[in-house]
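J.: Take a look at the following structure, please.
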Amino acid sequence: MKNKIIYIFCAGILATSSLVAQTAKQKRADKYYEAFAYVKAASLYEDLVKQKIASDQTLKRLADSYNHSGNYLKAEEWYSKLYLENKADAEETYSYSQVLKANGKEIEAEKVLEKFYTIKGGDSRAIEFNKKKADIIKLKTEKPYFTVNNIEGNSAEADFSPTFWNDQVLFVSGRQASISNVAIHTWNDKPFLNLFVAKPDASKNFTEIKKFEGKVNTKYHEGPSCFTKDGNTIYFTRNNYFKGKYKKSKTGVNMLELYKAVKKDGKWATDKLNVDNDEYSVGHPTLSSDEKTLYFVSDMPGGLGGTDIWKSSINTDGTLGAPVNVGAPINTEGNEMFPFMSSENVLYFSSNGHLGFGELDVFAAQPSKDGSYSKVMNLGVQVNTGKDDFGFVLDKESKFGYLSSNRDGGAGDDDIYAVTAARPLKVNYFIKGTAFEKGTTTPLANSKIDMKDASGNVVKTITTNETGAYEFEVEPQLEYSLAGTKEKYFDGENKFNTNELGEKTELIKDLNLEKDPGMAFRILVTDGKTKEPLQGVSYKVTDLKTGQVIMADATPLTGDALKPLTDKKINDVLSYKIELVKEGYFPKTVNFNQTIAKPGIINAHDALDLTMDKEVKDLRDLVVINDIRFDVNKFNIRPDAAIELNKVVEVMNKYPDMVVELGSHTDCRASIKYNATLSDKRAKASAAYIKSKITNPTRINGKGYGESKLLNGCACEGTVKSTCTEEEHQQNRRTEFKILSMGANAKNVDVKNNSTNSFGK
């Protein structure tokens, strides 16, 4: 029954031009369809389909007719035929997914939604499905936000859209106060809707049910309503029928309009509101908590989709200001309707455009600090089902309320259910904190605070107020960092993951900014190849004069670390040992010695190489070593060999803890003894050259292997004769450098390589 209130809004969309009539039955069916008499239209369309004289458009109208009249099983049957025959467009594909959900076929519905995404990927519904489909699965396993229970007082007809009125509840119903003179609507052969009131008992059941007083009800539809806090003004929905005049649009459709009735001297005086228009529908009103703004639903031009939620300011004379679309993310290309504004200005509404459990689901949007709505949340299990869930309202404390639904287990068509808050609603999440001077409780006003995502991109920037406070809205299950800056202070940082929220909606993360004493020592660690800052480098800086560790931590995203030098002055000599360790990189230890010449930051990386190289299996990633050549039967270091060995010197000086074995190899030609002796002399000569140019010469030793470790099958000793080419013999004549260790603080590195002209084993 509720479908009359929903789909009359979409008249401009549904009232498409008639088909070229094939039969008299086709003409009658089209006429019923365009007059929204969907029950009669469906019966005739199905006859045409069974007679095999129906067009594709007739088949589409048949599926739509069953959908609009709430017969989801029959709607699925005909949408399925369109879909399987590749005749369904984007909207019909989406409608098919919704009726599948309504019929409990969630896996099939997800497959159809995936097809919808391929057809119309830019649609907000498709984008939301692609991003949030896992969220729906999670919602089904979470503790519900509200518990839902049946109440007594529902009828066999439609009962929905309750609203609180003093100590009573007003609601929409198709029940009749008397049996005589029952008006029937052609949409689905059900009675017209009127406004009723009930007195809730202690169990929230409806008692003393009667029609709403005065002349608000008419012989046509009255629908969703709301009251001012004093209970003396009602805003309500009605067919375009006023003072005995029943008006239609240019296409012959009677739209829904917004009315206001004010109680004076015990009587209700009704008037139309100035946002109405004969060409589109307006209805489903709700008031902001301060009663200065009226929210409502309309399919007026300028919206995002079928029906949108709009708002108008309420002028002092009671008229409404120009309608403003509340926009995304609340409105979509689908239908948003049945809004309700809580006392905390949380906007509850129903939608088939946001990702949900089925047809209409109830969603909540909590205002940000500036009053805007930036996030929409599905209310989850119990409130939402595969069927239509709508008309959600809460009391002043947001602890108890009512919900409308056509779910299974009710008394009739749509029914009203009691809802009770089970846990705090979590729509928006916040990080709050205060910027302090490090080591004190002094707040730092006018500090710039950047919130960054996991990639280091600035999401938002805030300047702290006079109390040093800041607040950011964040997303759940994500990593963020806060970076604070202020003149005459060093930057501060704090990292966090919103998984820490748990059941809470906000986290406290303070920042401490150290006061700049005028001098500081800074290191910046970068990747040796990319030159980008390195995060997660464990650093330790030791004062070589005192033996005291003055800095020890891990580098942040910026790859740097800073130490204020509060005990230093001009002409003091700094003598520090800097140790750097990071998983997957060669560790590094360097000494820094410098006299302080002037105030400011002393950057160690300007004087030292603080780059770190990734551990490699093939040292060509660090340096290219060409063949180290010797004269025939000689082992003296030629100038061209010295060039290559100097490259090894450079690497070993860069890593003063690196321990290397230099291995010299020959091919099979000449005797085993001769080759072993010659290779050993060449290895030791090469090692001696390197020893003379590096710190701690014991870190490298030379060893000759002769022809004992051939890389191929080119043996030629004794009776064995080799048929290998000169190039193949050359592969075996090589000098290799095996890294045995990178120091006590690093794991041993085994560098494997089969190359003939660089490091290897």
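J.: 222 nm [θ] for the chain, helices only, -39500 (n - 2.57) per DSSP H run of 4+, per residue, to 500?
T.: The per-residue figure over the chain is -6000 deg cm²/dmol.
J.: Still on this structure: Give me Leu84, Leu478 sorted ascending by neighbouring Cβ count inside 10 Å, so fewest comes first.
T.: Leu84, Leu478
J.: Please report the projected area of the range 467-601's Cα convex hull averaged over all directions, in nm².
T.: 10.8 nm²
J.: Continuing with the same structure: What are the extents of the Cα atoms of the range 140-281 along their three principal axes, listed from largest to smallest and rounded to whole Å?
T.: 49, 39, 38
J.: In nm, to one decimal, how far is the modelled label at Glu475 from the one at Glu77, with both set 7 Å along Cα→Cβ?
T.: Each label point is offset 7 Å from its Cα along the Cβ direction, giving 4.4 nm.
J.: Rg to Rh for the range 44-117: what is it, with Cα atoms only and Rh by Kirkwood?
T.: We get a ratio of 0.96 for the range 44-117.
J.: On a 25 Å Cα-Cα criterion, which of the cross-link pairs Lys432/Lys531; Lys25/Lys245; Lys27/Lys101; Lys577/Lys703; Lys426/Lys460 come out too long?
T.: In this structure, Lys432/Lys531; Lys25/Lys245; Lys27/Lys101; Lys577/Lys703 exceed 25 Å between Cα atoms.
J.: Taking a ≥ b ≥ c as the square roots of the eigenvalues of the Cα gyration tensor of the range 642-691, is the shape rounded (a/c under 1.5), prolate (a/b larger than b/c) or oblate?
T.: Prolate.
J.: Computed over the Cα atoms, what is the radius of gyration of the chain divided by 2.2 N^0.38 Å, N being its residue count?
T.: So the Cα radius of gyration is 1.44 times the expected 2.2 N^0.38 Å.
J.: Same structure again: Roughly speaking, what is the stretch gain from Lys598 to Leu562, that is 0.36 nm per residue apart minus the C-alpha to C-alpha distance, in nm to one decimal?
T.: 11.3 nm is the gain from fully extending Lys598 to Leu562.
J.: Assuming 1.002 mPa s and 20 °C, estimate D for the range 207-322 with Stokes-Einstein, Rh taken as the Kirkwood radius over Cα pairs, in µm²/s.
T.: Taking Rh from Cα pairs, D becomes 144 µm²/s.
J.: Another question about this same structure. Given 10 Å bins starting at zero, what is the percent of C-alpha pairs of the range 512-667 in each, up to the one with the largest pair distance?
T.: Spelled out bin by bin, the range 512-667 gives 9, 33, 27, 16, 10, 4, 1 percent.
J.: Right, here's the next one. Please list, in order along the range 138-153, the HN-Hα scalar couplings obtained from phi with the Karplus expression 6.51 cos²θ - 1.76 cosθ + 1.60 (θ = phi - 60°), rounded to whole Hz, x for Gly and Pro.
T.: After applying 6.51 cos²θ - 1.76 cosθ + 1.60, I find 5, 4, 6, 9, 7, 4, x, 6, 9, 8, 10, 9, 5, 10, 8, x Hz.
J.: By how many degrees, 0 to 90 and rounded to 10, does the Cα axis of helix 72-84 deviate from the longest principal axis of the chain?
T.: The helix 72-84 is inclined about 50 degrees to the chain.
J.: When the convex hull of the Cα atoms of the range 90-133 is projected onto a plane and the area is averaged over all directions, what value comes out in nm²?
T.: Directional mean of the projected Cα hull area for the range 90-133 stands at 2.6 nm².
J.: Which peptide among 290-296, 251-257 comes first, and what is the full order, when sorted by highest mean count of other Cβ atoms within 10 Å?
T.: So the peptides 290-296, 251-257, ranked by packing, come out 251-257, 290-296.
J.: For the range 325-361 and the range 144-175, what is the separation of their C-alpha centers, rounded to whole Å?
T.: Each part's Cα centre sits 20 Å from the other's.
J.: Continuing with this model, one more query. Rounded if a/c is under 1.5, else prolate if a/b is larger than b/c, else oblate: which is the range 147-421, with a ≥ b ≥ c the root eigenvalues of its Cα gyration tensor?
T.: rounded
J.: At q = 0.23, 0.26 Å⁻¹, what is the base-10 log of I(q)/I(0) for the range 429-513 according to the Debye formula with one equal point scatterer per Cα and no solvent? Please give it to two decimals.
T.: Per q value, in the given order, log10 I(q)/I(0) is -1.07, -1.28.
J.: Mind listing the long-range amide H neighbours of Lys495? Cut-off is under 5 Å, sequence gap 5 or more, other chains count too, H placed in the peptide plane at 1.01 Å from N.
T.: Sorted by chain and number, the residues that satisfy this are Leu482.
J.: Given a Förster distance of 60 Å, report the FRET efficiency between Lys438 and Ala688 from their Cβ-Cβ distance, rounded to the nearest 0.05.
T.: Calculated transfer efficiency: 0.65.
J.: Kindly provide the pair-distance distribution of the range 64-214 built from C-alpha pairs, with 10 Å bins from 0 and whole-percent values in order of increasing distance.
T.: All Cα pairs, binned at 10 Å, distribute as 9, 26, 24, 26, 14, 1 percent.
J.: So what are the ³J(HN,Hα) numbers for the range 412-418, from phi and the Karplus equation (6.51, -1.76, 1.60; θ = phi - 60°), rounded to whole Hz, Gly and Pro as x?
T.: Ordered by residue, 3J(HN,Hα) equals x, 6, 7, 10, 9, 10, 8 Hz.
J.: Return the distance in nm (one decimal) between the two label points of a simple spin-label model at Glu487 and Lys31, each offset 7 Å from Cα along Cα→Cβ.
T.: Roughly 8.2 nm, to one decimal.
J.: Which of the pairs Lys529/Lys568; Lys588/Lys691; Lys40/Lys111 have their Cα atoms more than 25 Å apart in this structure?
T.: Lys529/Lys568; Lys40/Lys111
J.: For the peptides 67-75, 334-342, what is the packing order when you average, over each peptide's residues, the other Cβ atoms within 10 Å and list the highest mean first?
T.: 334-342, 67-75
J.: Please list the non-local residues whose amide H lies under 5 Å from the amide H of Leu544, H modeled 1.01 Å from N, same-chain partners needing a gap of 5 or more.
T.: Correct list: Ser575, Tyr576, Lys577.
J.: Explain nothing, just compute: Karplus ³J(HN,Hα) = 6.51 cos²θ - 1.76 cosθ + 1.60, θ = phi - 60°, for every residue of the range 662-672 in order, whole Hz, x for Gly and Pro.
T.: Here the 3J(HN,Hα) series is 9, x, 10, 10, 10, 8, 7, 6, 6, 6, 4 Hz.
J.: How many angstrom separate the Cα center of the range 692-718 from the Cα center of the range 552-580?
T.: 43 Å
J.: Using only Cα atoms, tell me the angle between helix 38-50 and the longest principal axis of the chain; keep it within 0 to 90° and round to the nearest 10.
T.: The two axes meet at around 70 degrees.
J.: Check Met519: other-chain or 5+ apart residues with amide H under 5 Å from its amide H, H built from backbone geometry?
T.: Sorted by chain and number, the residues that satisfy this are Leu565, Gly600.
J.: If you don't mind, there's one more thing I want to ask. Name the lysines eligible as straight-distance cross-link partners of Lys311: C-alpha to C-alpha under 21 Å, and not fewer than 8 places from it in the same chain.
T.: Within the straight-line cut-off, Lys311 pairs with Lys229, Lys260, Lys272, Lys292, Lys369, Lys375.
J.: A further question on this structure: Pop a pseudo-label 7 angstrom from the Cα along the beta-carbon direction at both Asn626 and Lys569 and give the gap in nm to one decimal.
T.: Label-label distance for Asn626 and Lys569, simple model: 5.7 nm.
J.: Right, another one. Using only Cα atoms and rounding to the nearest 10 degrees, what angle (0 to 90) does helix 90-102 make with the longest principal axis of the chain?
T.: 80 degrees
J.: Shifting gears a bit: Where the eigenvalues come from the Cα gyration tensor of the range 407-550, what are the semi-axes √(5λ) of the equivalent ellipsoid, largest first, in whole Å?
T.: The answer is 44, 20, 14 Å, longest axis first.
J.: With r as the distance between the Cβ atoms of Asn457 and Glu500 and R0 = 25 Å, compute the FRET efficiency 1/(1 + (r/R0)^6) and round to 0.05.
T.: 0.75
J.: Compute the normalised compactness of the range 342-441: alpha-carbon radius of gyration over 2.2 N^0.38 Å, N being the residue count.
T.: 1.38
J.: When only Cα pairs under 8 Å and 6 or more residues apart are kept, what is the percent relative contact order across the chain?
T.: Once normalised by length, the contact order is 7 percent.
J.: Would you please give the FRET efficiency between Lys375 and Glu114, computed as 1/(1 + (r/R0)^6) with r the Cβ-Cβ distance and R0 = 30 Å, to the nearest 0.05?
T.: The formula returns an efficiency of 0.75 here.
J.: How many times 2.2 N^0.38 Å is the alpha carbon radius of gyration of the range 186-238?
T.: So the Cα radius of gyration is 1.31 times the expected 2.2 N^0.38 Å.
J.: Taking each pair of distinct Cα atoms in the range 105-176 once, what is the resulting Kirkwood hydrodynamic radius in Å?
T.: 16.2 Å
J.: Cβ neighbours within 10 Å, averaged per peptide: list 95-101, 48-54, 270-276, 37-43 in order, most packed at the top.
T.: Top to bottom by mean Cβ count within 10 Å: 95-101, 37-43, 270-276, 48-54.
J.: Can you tell me the length gained on complete extension of the stretch Asn636 to Asn696, counting 0.36 nm per residue apart and subtracting the Cα distance?
T.: 19.3 nm
J.: Compute the Kirkwood hydrodynamic radius of the range 619-741, taking the inverse of the mean of 1/r over all pairs of distinct Cα atoms, and give it in Å to one decimal.
T.: Roughly 15.0 Å, rounded to one decimal.
Since every read-out is calculated from the coordinates, none of them should be taken as a lab result. Here the structure is a predicted model, which means the values were calculated and not measured. Note that we place each Cβ from the backbone using ideal geometry, even for glycine, and neighbour counts take in every protein chain shown.
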